[in-house]
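Scroll down for the structure; my scribbles are underneath it.
A short reminder: the numbers here are calculations on the coordinates, not readings from a lab. All values derive from a computational prediction rather than experimental measurement. Don't worry about glycine lacking a Cβ; one is built from the backbone with ideal geometry, like all the others, and counts go over all protein chains shown.
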Amino acid sequence: MPTQRLLRFAATSWSIGTATAMSKSANDLSGYRRGELPAYLVRRRREFEAAHAAEVAARPDPDQPPGHRRLSDLERRKTLALLTENHQLLLAELNRLPVRSDTVRLVCIKSDIERKLAELEEAIKIFSRPKVFVKVDA
């Protein structure tokens, strides 16, 4: 009999001890919101992402040849718009020329316009790329 009484006492004292321990831990976690990352982990993630972005930005472009710099997207687009505008003007000028080129003067003008158009088309092809590198003037 005394062993049964001892076992009952141990069982009740254990359940009371765990209940008080559980109530204490529930009170400690009252500020915890389930499913959210703690603030210190969010802060560390932001710091890591900022450091990684700075490292990537500081890294030189592997495609960039020495003595050149990359043209910004805004500069590239402005230059491309200017080139296409000049291309349209030269095409209009070529279309205004007569179909028959009898004189030497007309032949020279037509060949000059065609040469300029070829140069502009080549430049437009270059500036249509997403990355454009220009030589640095030293």
Completion exercise
When the stretch 63-78 is checked residue by residue, the ones that are over 12 Å from residue 134 (Cα atoms) and either in contact with a Leu (Cβ under 9 Å, 6 or more places away or on another chain) or surrounded by 12 or more Cβ atoms within 10 Å (Cβ to Cβ) (or both) are 77, 78
Fill in the blank from the handout: Of the residues in the stretch 103-120, those that are among the β-branched types (Val, Ile, Thr) and either under 23 Å from residue 83 (Cα atoms) or in a loop (DSSP other than H, G, I, E, B) (or both) number 3
Handout entry: Members of the stretch 103-138 that are surrounded by 11 or more Cβ atoms within 10 Å (Cβ to Cβ) and among the small types (Gly, Ala, Ser)
Key = 111, 123, 128
Practice task
Keeping to the stretch 85-124, report how many residues are more than 39 Å from the chain's Cα centre (by Cα), charged (D, E, K, R) and within 30 Å of residue 75 (Cβ to Cβ).
Solution key: 3
Exercise for the section: Filter the stretch 83-102 down to residues that are in a helix (DSSP H, G or I) and of a type in the set (S, T, N, Q) and give me whichever is surrounded by the fewest Cβ atoms within 10 Å (Cβ to Cβ). Expected result: 95
